[in-house]
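Q: Sharing a structure here in structure tokens format.
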Amino acid sequence: MQEVIQPIGATESNRGTEEIDELFDIMSNSRRRAVFHYLKQGDGTAVEVSRLSRELAAWECGVEPEQVSYDDRHSIHTSLRQFHLPKMEDGGIVEFNDQGTRVTLTDEADRTDIYVEAVSEDEVRWSTYFVSLSAVLALTTGAAILGIQPPTALSVQGWVILESIAFAVSSLVFWSSQQDDLLGSEGVPPLFSEE
């Protein structure tokens with residue numbers, strides 16, 4: 001499965017190419033995406049690294065947080081403290097308190113939305129779908145205007161209504177699927193798997 005990570009948000013226009021590359025590098029790891037996801041779900045208050053470790057261990061093991069073993073939590077806690085959180089802090093994504101025991105998203109990261117979409121080889125990307133839909137709708141509208149009636153013999157107004165419904169339904173399905181692909185939405189991070 002191919003992952004497409006799209007940072008979209010109010011701060012994107014303020015970022016240069018190097019900053020976007022750095023964001024992609026930081027978010028290329030599922031554990032760091034999970035940290036971002038978990039912190040985005042919060043209300044902006046700092047979270048204990050031990051609590052964050054337990055939640056990530058639960059996601060990775062597919063169990064409830066209270067069922068996480070000490071070894072699983074400790075392993076994740078160590079990797080967060082020694083590698084993932086410092087990398088995220090260097091990239092301006094998170095901040096630590098003075099003791100390094102609590103972590104929070106930076107204001108800029110909190111204003112950034114990141115969508116993660118997986119597209120397998122036999123699936124069609126949404127962008128390709130909407131371009132194709134637009135082409136079909138333009139052709140059918142043009143044919144109806146020119147008086148070329150397909151077998152259904154709908155009027156021009158009928159075609160416009162049918163096409164509007166098709167585009168509206170497609171847009172709603174797209175919007176709904178994007179909510180599932182947003183880091184920070186409820187539940188387990190999209191496409192979360194241990195790397």
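Q: I want to confirm something. Restricting to region 87-120 and keeping residues that are touching a residue at least 60 places away in the same chain (Cβ under 8 Å) and of a type in the set (Asp, Glu), which single residue is farthest from residue 39 (Cα to Cα)?
A: 117
Q: Quickly run through region 43-91 and pick out the residues that are closer than 23 Å to residue 112 by Cβ, outside any helix (DSSP H, G or I) and open to solvent by 80 Å² or more (accessible area, probe 1.4 Å).
A: 43, 45
Q: Another question, then. Within region 123-145, identify whether any single residue is part of a loop (DSSP other than H, G, I, E, B), modelled with pLDDT of 80 or more and either among the basic types (Lys, Arg) or open to solvent by 40 Å² or more (accessible area, probe 1.4 Å) (or both), and answer yes or no.
A: yes
Q: If you scan region 32-64, which residues turn out to be modelled with pLDDT of 90 or more and hydroxyl-bearing (Ser, Thr, Tyr)?
A: 38, 50, 53
The values are calculated or read from the model by the stated rules, or taken from the named source; none is laboratory data. From a predicted model like this one, the values you see are computed outputs, not experimental measurements. Please note: Cβ atoms are built from the backbone with ideal geometry, for glycine as well, and neighbour counts cover all protein chains shown. Just so you know, the surface numbers come from the protein's heavy atoms only, side chains and all, with ligands and any DNA or RNA stripped out. Shrake-Rupley method; radii C 1.70, N 1.55, O 1.52, S 1.80 Å.
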